[in-house]
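One structure is given here, and the rest of the page talks about it.
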Amino acid sequence: MAHEHHVATTKIAGFIGLGAGVIAALISFITKSPNTSVILGAIAAGIGIVCLWMSRKNIDDMQLATAGLFMAVVSLVIGLWMIYS
């Protein structure tokens, strides 16, 4: 029974990390405020790191969290690009 709970927890963590990264990247493409992009990207990166750690037992779920972390970094880069250009 504990194994089923563990699998569900890692899968949820993977999807949460992916969702946070995708939402941050989407908003950073839509918004005209670089501060919003940087703040949302940093929050999504923090969530992504926590979710990556939580899903470390299952490689598929870890890939989802890694994709979310990548999208969070994209959001950060977009925000920083808008600030410095």
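The values are calculated or read from the model by the stated rules, or taken from the named source; none is laboratory data. Treat the numbers as computed from the prediction; the structure is a model and nothing was measured. Note that we place each Cβ from the backbone using ideal geometry, even for glycine, and neighbour counts take in every protein chain shown.
General remarks:
Matching residues to (1) at pLDDT below 95; (2) hydrophobic (A, V, I, L, M, F, W, C); (3) closer than 15 Å to I16 by Cα:
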| site | (1), (2), (3) |
| --- | --- |
| G46 | no, no, yes |
| M54 | yes, yes, yes |
| D61 | yes, no, yes |
| A65 | yes, yes, yes |
| L76 | yes, yes, no |
| L80 | yes, yes, no |
| S85 | yes, no, no |
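- Residue match in region 51-66 (condition: surrounded by fewer than 17 Cβ atoms within 10 Å (Cβ to Cβ), assigned to a helix (DSSP H, G or I), under 10 Å from the mean Cα position of the chain (by Cα) and among the hydrophobic types (A, V, I, L, M, F, W, C)): no
- Number of positions in region 10-44 that are more than 10 Å from S75 (Cα to Cα) and assigned to a helix (DSSP H, G or I): 14
- Cross-chain or 6+ apart pairs with Cβ under 7 Å, region 30-44 first and farther than 20 Å from L69 by Cβ, then polar (S, T, N, Q) and at pLDDT below 95: T31/S37
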